[in-house]
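Undergrad: Quick one: structure below, then a few questions.
The values are calculated or read from the model by the stated rules, or taken from the named source; none is laboratory data. Nothing here was measured: the structure is a model prediction, and the numbers come from that model. Counting neighbours? That spans all protein chains shown, and the Cβs are built from the backbone with ideal geometry, glycine included. Only protein heavy atoms, including side chains, enter the accessible area calculation; ligands, DNA and RNA are left aside. Shrake-Rupley method; radii C 1.70, N 1.55, O 1.52, S 1.80 Å.
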Amino acid sequence: ADRVTAELATALRGALRVLRDSDVQAVVGEAITRRADAQEIAPGVGKMLEKVVADGGHRKLVDLVCVRAHDWLVEHSASVMDAVTGGAPGWTPRFVDRKVGDRVYKELLRFVTEMRDMPDHPARGAVDRFLRDFAGDLQSDTETRARVERLKSEVLGRGEVQDLIASAWSSVRAMIVAAAEDERSELR
């Protein structure tokens, strides 16, 4: 058994070294892309989202978004002011534009601060309802499902996804070679 294991480990290492990474990456990438493209993902994503929302798992993400939005507003008050005053009509006096911009900024900051600090804020309830509705649409709405499929196809076609598959193969190959060389590994 030890000799057979050693010979198989040597053969496996040799085979992995002989294989050209680019060929294996192309085959694996094609297989993953073809399988992912053939399978509709929206209903499964919808069921998963429905469970996450039912369990309240999304609330930590909402908390994080609220904290980051608050911090961004504090750091970029000038950007908000520029957006408001830049969109004002040319005939309004500048002091009015600044006053309106200041008021919009303060209201935005107040809203985000309340949403950050109040777990029962009405906007959080609206997010819950939106996510529940979206989960349902992912499972049953034909248009939403079609849009998700188009998005999936676009994502699968991106070079970054193929690069990720390529790097995954390199990691898997390195793990298999290391396991084949280690006499105490589970593979051996």
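Undergrad: Return the lysines within reach of residue 60: Cα separation strictly under 28 angstrom, same-chain partners fewer than 8 residues apart disregarded; answer none if there are no such residues.
TA: Excluding near neighbours in sequence, the set is 47, 51, 106, 152.
Undergrad: Ignoring any ligand, DNA or RNA, what whole percent of the accessible area of region 1-144 comes from carbon and sulfur when the probe is 1.4 angstrom? Write down the numbers at each step before the final one.
TA: Working: 6110 of 10100 Å².
With neighbouring chains kept in place, the figure for region 1-144 is 60 percent.
Undergrad: A further question on this structure: Using 1/(1 + (r/R0)^6) with R0 = 35 angstrom and r between the beta carbons of residue 71 and residue 26, what's the FRET efficiency to the nearest 0.05? Write down the numbers at each step before the final one.
TA: Numbers: r = 44 Å, r/R0 = 1.25.
After rounding, the FRET efficiency stands at 0.20.
Undergrad: What length, rounded to one decimal in nm, is gained on full extension from residue 92 through to residue 158, with 0.36 nm per residue of separation minus their alpha-carbon distance?
TA: On the way: separation 66, 0.36 × 66 = 23.76 nm, distance 4.67 nm.
In short, 19.1 nm is gained.
Undergrad: Please compute the volume of the convex hull spanned by the alpha-carbon atoms of region 1-84 and report it per residue in Å³.
TA: 311 Å³
Undergrad: Given the Cα-Cα distance of residue 140 and residue 54 and 0.36 nm per residue of separation, how much length would full extension add, in nm?
TA: Extra length available between residue 140 and residue 54 comes to 29.2 nm.
Undergrad: What do you get for the angle between helix 159-181 and the principal long axis of the chain? Use alpha-carbon atoms, 0 to 90 degrees, nearest ten.
TA: That works out to roughly 40 degrees.
Undergrad: Quote the accessible area belonging to residue 183 in square angstrom, nearest 10, computed with a 1.4 Å probe and with ligands, DNA and RNA left uncounted.
TA: 150 Å²
Undergrad: Once Cα extents along the principal axes in Å is worked out from the coordinates, which option in [x] 87, 37, 32; [y] 75, 32, 30; [z] 58, 38, 28 does it equal?
TA: [x]
Undergrad: May I pose another question? Report the gain in length on full extension from residue 10 to residue 111: 0.36 nm times residue separation, minus Cα-Cα distance, nm rounded to one decimal. If you can, show how the numbers build up before the last one.
TA: Values: separation 101, 0.36 × 101 = 36.36 nm, distance 6.44 nm.
Contour length minus the Cα-Cα distance gives 29.9 nm.
Undergrad: Quick check for you: which residues of region 160-179 have the amide N under 13 Å from the point 7 Å beyond the Cα of residue 185 toward its beta carbon?
TA: 171-179
Undergrad: By how many degrees, 0 to 90 and rounded to 10, does the Cα axis of helix 2-18 deviate from the longest principal axis of the chain?
TA: In the chain, helix 2-18 runs at an angle near 60 degrees to the longest axis.
Undergrad: Percent relative contact order of the chain, based on C-alpha pairs within less than 8 angstrom and at least six residues apart? Intermediate values should be presented prior to the final figure.
TA: Numbers: 116 pairs, mean separation 75.5, N = 188.
Reported as a whole number, the value is 40 percent.
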